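*Asks:* Could you have a look at this structure, given as structure tokens, before my questions?
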Amino acid sequence: MPSISEKGHRMPASPIRKLVPYAEAAKKRGTHVIHLNIGQPDIKTPKVALDAVRNHDIEVLAYSMTEGSETYRQKIAAYYAKNDIKVSSDDIIVTTGGSEALSFAMGTIMDADDEIIIPEPFYANYNGFATASGVKVVPIVSNIENNFALPPIADFEKLISPKTKAILICNPGNPTGYLYSKSEIQQLAALVKKHNLFLVADEVYREFTYEGREHYSILQEAGLEEHAIVVDSVSKRYSMCGARIGCLVSRNKDVVKTALKFAQARLSPPTFAQIASEAALETPQEYFDNVINEYVERRNILISELQKLDGVKVAVPQGAFYCVVELPVSNADDFAQWLLEKFEMDGNTVMVAPAAGFYATKGLGENQIRIAYVLEKEQLVKAVQILGKALKAYNR
């Protein structure tokens with residue numbers, strides 16, 4: 001029979017989704033599964049976004065502009081201006097989710113076998129985007145002991161080679177919830193300018209910062225105009241994961257011009273989703289204030305409950321809505337599958353994301369999981385109780 005490509009064999013399975021068959025089997029047995037594995041907020045999508053689609057009078061659902069509608073891009077630029085980020089609509093390409101923006105970025109700035117340095121653990125699909133682009137991920141380890149802070153710049157320099165084209169960060173971080181400080185961003189800015197590299201920042205969780213901390217975008221840093229590429233998305237900001245609308249933003253004209261060619265190959269982003277996303281920009285600040293207060297409460301109760309469990313170590317997130325948890329087990333993949341296949345408490349079990357898939361370095365994260373605290377507080381408390389009882393019962 002015809003053979004699958006080597007690239008296809010190398011393409012990693014999602015650590016977030018690979019256990020889905022076991023979860024579905026558990027549900028068929030009558031077990032209620034509490035999903036801690038995926039960052040799908042239960043927060044309601046802003047009504048203004050849904051109403052914009054419901055009330056639209058489109059008669060022909062035509063292609064949109066390849067780069068996204070002009071009015072939407074102008075409003076995105078105005079949104080950035082409110083966040084002290086000065087860009088024009090010409091600096092923005094609307095994409096089918098942040099995922100496509102990342103793929104466009106890699107295709108635009110990197111050739112096969114080029115290298116991109118990424119602090120790990122990182123969003124697992126970065127591995128997939130890199131594999132699809134033929135790009136080599138060069139990981140640099142951050143540690144739970146210091147809350148996954150930026151590794152020393154000297155460690156980055158040791159990894160830079162003639163093949164290095166970029167450094168990629170997620171800020172605030174998925175899966176760690178770490179928020180890079182202005183000082184850390186400035187250190188990275190000095191490094192990429194020194195070595196003539198791109199700095200790519202996935203900033204989709206920009207709104208979600210806690211305890212008075214402020215997000216500092218790479219687009220706010222002077223002197224990075226030719227180096228900075230931002231990936232953004234409406235998915236988490238407005239609880240619109242299903243809209244699949246994101247954008248790539250850069251003041252580097254060559255980057256935008258080249259990324260547009262990749263965008264032309266896929267024709268255009270979806271029209272109705274752009275209409276919803278444009279309307280979502282009118283969401284009042286009160287919405288975000290309430291959402292952030294809710295996530296702070298969820299984070300606090302989750303961390304408090306986890307810290308009660310023997311042998312469990314957890315990093316305290318400063319943004320986004322994830323945390324990495326170290327468990328007293330040798331293989332979190334096996335434990336996560338066992339939870340779905342063999343364990344329940346009063347008819348309930350939990351689904352977590354094993355963290356090894358968020359690392360590129362083999363052997364790291366094997367006793368860690370990622371938890372997304374996107375559920376109501378009562379569900380989070382119940383989930384940790386189940387997790388604690390499961391850890392006592394698990395003997396592998």
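*Asks:* Considering only residues that are open to solvent by less than 30 Å² (accessible area, probe 1.4 Å) and touching a residue at least 40 places away in the same chain (Cβ under 8 Å), which ones fall in segment 323-337?
*Replies:* Cys323, Val324, Val325, Leu327, Val329, Phe335, Ala336
*Asks:* Sticking with this one: So, in segment 332-348, exactly how many residues are touching a His at 6+ places or on another chain (Cβ under 8 Å) and either modelled with pLDDT under 95 or in a strand (DSSP E or B) (or both)?
*Replies:* 1
*Asks:* Scan segment 3-13 and tell me whether some residue there is part of a helix (DSSP H, G or I), free of Cβ contacts under 8 Å to residues at least 24 places away in the same chain, over 21 Å from the mean Cα position of the chain (by Cα) and within 30 Å of Gly347 (Cβ to Cβ).
*Replies:* Looking for residues that are part of a helix (DSSP H, G or I), free of Cβ contacts under 8 Å to residues at least 24 places away in the same chain, over 21 Å from the mean Cα position of the chain (by Cα) and within 30 Å of Gly347 (Cβ to Cβ), one finds none in segment 3-13, hence no.
*Asks:* Could you please find all residues in segment 15-63 being among the hydroxyl-bearing types (Ser, Thr, Tyr) and not in a loop (DSSP other than H, G, I, E, B)?
*Replies:* Tyr22
*Asks:* Which members of segment 126-178 meet the condition of being β-branched (Val, Ile, Thr), under 15 Å from Leu199 (Cα atoms) and assigned to a helix (DSSP H, G or I)?
*Replies:* Result: Ile153, single match.
*Asks:* Only residues in segment 17-39 that are over 14 Å from Glu344 (Cα atoms) count as the first member; pair them with residues that are aromatic (Phe, Trp, Tyr) and open to solvent by less than 10 Å² (accessible area, probe 1.4 Å), Cβ under 7 angstrom, at least 6 apart or cross-chain, and list the lot.
*Replies:* Short answer, once both residue conditions are applied: Gly39/Phe321; Gly39/Tyr322.
*Asks:* Would you pick out the residues in segment 179-214 that are of a type in the set (S, T, N, Q), under 20 Å from Glu225 (Cβ atoms) and either touching a Phe, Trp or Tyr at 6+ places or on another chain (Cβ under 9 Å) or not in a loop (DSSP other than H, G, I, E, B) (or both)?
*Replies:* Matches in segment 179-214: Gln186, Gln187.
*Asks:* Scan segment 360-396 for residues that are in a loop (DSSP other than H, G, I, E, B) and open to solvent by less than 20 Å² (accessible area, probe 1.4 Å) and report the count.
*Replies:* Looking only at that region, the number is 3.
*Asks:* If I go through segment 22-32 residue by residue, how many of them are farther than 20 Å from Ala124 by Cβ and either of a type in the set (Gly, Ala, Ser) or open to solvent by less than 70 Å² (accessible area, probe 1.4 Å) (or both)?
*Replies:* 4
*Asks:* Separate question: In segment 146-166, which residue that is hydrophobic (A, V, I, L, M, F, W, C) and open to solvent by 30 Å² or more (accessible area, probe 1.4 Å) is farthest from the chain's Cα centre (by Cα)?
*Replies:* Ala154
*Asks:* Here is a further query. Restricting to segment 308-351, count the residues that are on the phi > 0 side of the Ramachandran plot, under 21 Å from the mean Cα position of the chain (by Cα) and not aliphatic (A, V, I, L, M).
*Replies:* Adding up the residues that qualify gives 0.
*Asks:* Then there's this: Kindly list the number of the only condition in (1) over 16 Å from Pro41 (Cβ atoms); (2) in contact (Cβ under 8 Å) with a residue 12 or more places away in the chain that fails for Arg299.
*Replies:* For Arg299, the failing item is (1).
*Asks:* What are the residues in segment 349-359 that are more than 14 Å from Gln337 (Cβ to Cβ) and not in a helix (DSSP H, G or I), if any?
*Replies:* Answer for segment 349-359, where residues must be more than 14 Å from Gln337 (Cβ to Cβ) and not in a helix (DSSP H, G or I): just Tyr359.
*Asks:* Here is a list: Ala320, Ala276, Ala315. Which entry is within 21 Å of Ala101 (Cα to Cα), surrounded by 22 or more Cβ atoms within 10 Å (Cβ to Cβ) and out of contact with any Pro (no Cβ under 7 Å at 6 or more places or on another chain)?
*Replies:* Criteria check complete, one pass: Ala276.
*Asks:* Then there is this: Scan segment 216-232 and give yes if some residue there is over 30 Å from Lys158 (Cα atoms) and not in a helix (DSSP H, G or I), otherwise no.
*Replies:* no
*Asks:* Can you find, within segment 302-312, the residue that is surrounded by the fewest Cβ atoms within 10 Å (Cβ to Cβ) among those that are aliphatic (A, V, I, L, M), touching a residue at least 40 places away in the same chain (Cβ under 8 Å) and farther than 18 Å from Val33 by Cα?
*Replies:* Val312
*Asks:* Right, next: Is at least one residue of segment 249-268 in a strand (DSSP E or B), under 21 Å from Ile292 (Cα atoms) and touching a residue at least 12 places away in the same chain (Cβ under 8 Å)?
*Replies:* The answer is no, given that none of the residues of segment 249-268 is in a strand (DSSP E or B), under 21 Å from Ile292 (Cα atoms) and touching a residue at least 12 places away in the same chain (Cβ under 8 Å).
The values are calculated or read from the model by the stated rules, or taken from the named source; none is laboratory data. Just so you know, these numbers come straight off a predicted model, no measurement behind them. Cβ coordinates were reconstructed from backbone atoms using ideal geometry, including for glycine residues, and neighbour counts include every protein chain displayed. Side chains are part of the model used for accessible areas, which takes the heavy atoms of the whole protein and leaves out ligands, DNA and RNA. Shrake-Rupley method; radii C 1.70, N 1.55, O 1.52, S 1.80 Å.
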